[in-house]
Amino acid sequence: MGRRFGPLLLSLALAACAHAGPGPEASADSPAAGPEPVRTVGAAFRPVGNGLVYTMQYRLAMPYDSAVRAVAEFENPQRGGTPLTAEATLAPGEGRLVLESEPVFTIRNRTDYQVTLRLYAGSRPPVVHTDRVRFAVPEGMVDTYRRQGIEVE
């Protein structure tokens, strides 16, 4: 296959193979009543340069009348690596959020990774939302990732 189509196929394979788990895990810090305050609408590992980034998309159900600080903690696929973090500030009333991790260069195939999102608004306790994001590619694609500089264990 030509060099022009390799990155395209890799991108498509990544988007098709990473997904969020069945839903958020409950947290003592999250509100107990009402609809889910946060819903994951997209989760994927996306190629960037010679690495992969987690890309997480969320929709907030709760209207906020003040700015919201969002902090995501991504499980590091590198064994023993410290968690990766990303932060963003949402304007009052903004209901969509996209966060990406720093690039990773090593990942384990057929493995679920945890992503925890914390939303801080005013003096309220933080809203905590947790997902499991699975990385899985067919064995025949592993060499394609390695040629891109990504070590798949």
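The values are calculated or read from the model by the stated rules, or taken from the named source; none is laboratory data. Treat the numbers as computed from the prediction; the structure is a model and nothing was measured. Here Cβ is always computed from backbone atoms with ideal geometry, including for glycine, and neighbour counts include all displayed protein chains.
Residues are listed down the side, and each one gets a yes or a no for (1) surrounded by 14 or more Cβ atoms within 10 Å (Cβ to Cβ); (2) over 18 Å from Ala86 (Cβ atoms); (3) modelled with pLDDT under 90:
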position: Ser27; (1), (2), (3): yes, yes, yes
position: Ser30; (1), (2), (3): yes, yes, yes
position: Pro47; (1), (2), (3): yes, no, yes
position: Val53; (1), (2), (3): yes, no, no
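Collect the residues in region 66-87 that are among the small types (Gly, Ala, Ser), at pLDDT below 95 and either within 24 Å of Glu36 (Cβ to Cβ) or buried (at least 18 other Cβ atoms within 10 Å of the Cβ) (or both), keeping them in residue-number order.
Start the filter on region 66-87 by keeping residues that are among the small types (Gly, Ala, Ser), which leaves 66-67, 70, 72, 80-81, 86.
Subset that is at pLDDT below 95: 66-67, 80-81.
Selection gives Ser66, Ala67.
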Within region 100-112, is even one residue modelled with pLDDT of 95 or more and either within 10 Å of the chain's Cα centre (by Cα) or more than 18 Å from Ala44 (Cβ to Cβ) (or both)?
yes
Taking region 79-94 only, how many residues are within 28 Å of Arg108 (Cα to Cα) and acidic (Asp, Glu)?
1
Would you mind stating whether Ala91 is in contact with a Ser or Thr (Cβ under 6 Å, 6 or more places away or on another chain) and not polar (S, T, N, Q)?
no
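Residue by residue, here is whether (1) under 21 Å from Gln148 (Cα atoms); (2) loosely packed, with under 13 Cβ neighbours inside 10 Å; (3) modelled with pLDDT of 95 or more holds:
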{"site": "His19", "(1), (2), (3)": "no, no, no"}
{"site": "Ala44", "(1), (2), (3)": "yes, no, no"}
{"site": "Asn50", "(1), (2), (3)": "yes, yes, no"}
{"site": "Tyr64", "(1), (2), (3)": "no, no, no"}
{"site": "Thr89", "(1), (2), (3)": "no, yes, yes"}
{"site": "Gly93", "(1), (2), (3)": "no, yes, no"}
{"site": "Leu117", "(1), (2), (3)": "no, no, yes"}
{"site": "His129", "(1), (2), (3)": "no, no, yes"}
